[in-house]
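The structure appears right after this line, and notes come after that.
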Amino acid sequence: MIIKFNVFGKLMSVRRTGQQWQLFNDSDTGMSARVYELVIPPELTVDELAGYLDDIYHEYANENYPEVVKLL
């Protein structure tokens, strides 16, 4: 399962691997780089991920990107 987000203007994805969530920085070319510095609690549901990312990265909020948005 891969869920894509716009995190205050930055494309990121969250993947479920086994019992854990993994966060990735995504590029426009389709490349991804894992973010090892952030651990997402495994008990979070898909619906809670955007709120969690918003809490962690809120200092990057700006006028153009005021919130974390789950992408389709």
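The values are calculated or read from the model by the stated rules, or taken from the named source; none is laboratory data. Since this is a predicted model, take the numbers as computed values, not measurements. No Cβ is skipped: glycine too gets one built from the backbone with ideal geometry, and neighbour counts run over all protein chains shown.
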Take residue 36 and decide whether it is aromatic (Phe, Trp, Tyr) and surrounded by 14 or more Cβ atoms within 10 Å (Cβ to Cβ).
no
Pairs, please: C-beta under 6 Å, at least 6 apart or cross-chain, first residue free of Cβ contacts under 8 Å to residues at least 24 places away in the same chain and over 14 Å from residue 51 (Cβ atoms) and in segment 3-17, second surrounded by fewer than 16 Cβ atoms within 10 Å (Cβ to Cβ) and not basic (Lys, Arg)?
13/2; 15/2; 16/1
Among the residues of segment 46-72, the number that are outside any helix (DSSP H, G or I) and either in contact with a helix residue (DSSP H, G or I) (Cβ under 6 Å, 6 or more places away or on another chain) or among the charged types (D, E, K, R) (or both) is 4
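One line per residue, one yes/no per condition, for (1) farther than 17 Å from residue 68 by Cα; (2) part of a strand (DSSP E or B); (3) of a type outside the set (D, E, K, R):
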residue: 5; (1), (2), (3): no, yes, yes
residue: 11; (1), (2), (3): no, yes, yes
residue: 23; (1), (2), (3): no, yes, yes
residue: 29; (1), (2), (3): yes, no, yes
residue: 34; (1), (2), (3): yes, yes, no
residue: 37; (1), (2), (3): yes, no, no
residue: 40; (1), (2), (3): no, no, yes
residue: 44; (1), (2), (3): no, no, yes
For segment 46-59, enumerate the residues that are among the β-branched types (Val, Ile, Thr) and either within 14 Å of residue 70 (Cβ to Cβ) or touching a strand residue (DSSP E or B) at 6+ places or on another chain (Cβ under 8 Å) (or both).
46
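Let's see how each residue does on (1) touching a Leu at 6+ places or on another chain (Cβ under 8 Å); (2) modelled with pLDDT of 95 or more:
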site	(1), (2)
6	yes, yes
21	yes, yes
24	no, yes
30	no, no
43	no, yes
52	yes, yes
